[in-house]
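Some notes on the structure that comes next.
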Amino acid sequence: MTEDNGFKELYKFTGFITNRVLDGIAAGIQDVLALYPNTEKSYRKIFSIYVEIAQNIIFYSANRIEIPDDEAGYGTLTISEADGAITISGENTITESQKNKLSSIFDHLDGMSVDQIKAAYQEKMMSQFDDMDSKGGGLGYYDIARKTKGKIQAEFYERDGALQFKIIATIETKK
């Protein structure tokens, strides 16, 4: 466990993530979060956000390898705890066209109220997905925003000449 700026890193994985890796990580996260009683009521939200972020890395990371009967994207998943909150973040390389799609989604989410986010999520659930390159039409980001009551951050930056995307979601666990 590392601590940085008051955040205690509970879990961090960097590497190629497949669906099988996702299953293994999930079991470990469940064990780790069980040690923190303040996460009991928030566990489903935390776990759901973790899965959404991990799947986005698996499906959309620009750094990929081919694996028979699975998908693999390279990225980093982190779960941290501080001051009654759990922060789940994911980071991976993306293409310029992915950045444009993601920017559009986060621009739409930015400034929406919790009720507006819930309504937009429901609308996306009922509509057809027109984007053939997307497995969910951005629905996962609306779900994350809904579960974090709008507290979601998206960052784009360059590292070693590659475009990076980082998403950060925080769940309040202290009541």
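Read the figures in this text as sums done on the coordinates, not as results from a lab. None of the values given here were measured: they were computed from a predicted structure. Cβ atoms come from the backbone with ideal geometry, glycine included; neighbour counts cover every protein chain shown.
Numbers at a glance
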{"read-out": "Karplus-derived 3J(HN,Hα), 6.51/-1.76/1.60, for each residue of region 32-45, Hz, glycine and proline x", "value": "5, 5, 4, 6, 10, x, 6, 8, 3, 6, 9, 3, 4, 5"}
{"read-out": "Ranked packing of 142-148, 115-121, most packed first, by mean Cβ within 10 Å", "value": "142-148, 115-121"}
{"read-out": "Dimensionless Rg/Rh of the chain - Kirkwood Rh, Rg from C-alpha atoms", "value": "0.95"}
{"read-out": "Fully extended contour minus Cα-Cα distance, from Lys8 to Arg44, at 0.36 nm per residue", "value": "10.9 nm"}
{"read-out": "Highest to lowest packing among 55-68, 24-37, scored as the average C-beta count within 10 Å", "value": "55-68, 24-37"}
{"read-out": "Among Tyr50, Leu77, Gly90 the positive-end extreme of the charge dipole of the chain (Cβ point charges)", "value": "Tyr50"}
{"read-out": "Projected label distance in nm at Glu172 and Asn19, using a 7 Å step from Cα toward the beta-carbon", "value": "3.7 nm"}
{"read-out": "Amide hydrogen neighbours beyond the local backbone of Ala85, cut-off 5 Å, H modeled", "value": "Thr173"}
